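Bear in mind that the values in this text are calculations on the coordinates, not laboratory data. As the structure is a computational prediction, the values presented were derived from the model and not from experiment. When we count neighbours, we look across all protein chains shown, and the Cβ atoms used for this are built from the backbone with ideal geometry, even at glycine.
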Amino acid sequence: MGIGGGIFLIAFGAILAFAVHADVGWIDIDVVGAVIMLSGVAVLSITVWFWRDRRRRAIRSIIEEARISHPPGPTHPPPPPPPPPTH
């Protein structure tokens, strides 16, 4: 569902719980709104958790690529050999 779906569920549930004052005998609109809001919070939390995990994997992948393309070692070339002695 994603972040947008979670926010939509939270907003829709809040509208049902706090703004709708209908008297339906077989269902309590306030409870339905609260359940939908909790569902939206759950969707939002799970989405953020998955994104955080994916971001960690992407960063780890970038670090591994950098290690492969630039292996550890001297960062500068060795100095040139001294010139041959002249007579």
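Here the label points at MET1 and TRP51, each 7 Å from Cα along the C-beta direction, are separated by 1.5 nm in the simple model. Subtracting the Cα-Cα distance of ALA11 and VAL24 from their residue separation scaled by 0.36 nm leaves 2.6 nm. Approximating the spin labels as points 7 Å out from Cα along Cα→Cβ, the VAL32-to-HIS76 distance works out to 7.4 nm. Panel order for MET37, MET1, by other beta carbons found within 10 Å of each beta carbon, from fewest to most: MET1, MET37.
Ordered by the number of other Cβ atoms lying within 10 Å of each residue's own Cβ, fewest first, SER45, SER39 fall into the sequence SER45, SER39.
Rounded to the nearest whole Hz, the Karplus-based 3J(HN,Hα) values (6.51 cos²θ - 1.76 cosθ + 1.60, θ = phi - 60°) of segment 29-40 follow the sequence 4, 5, 5, 4, x, 5, 5, 5, 4, 5, 5, x, with x at glycine and proline.
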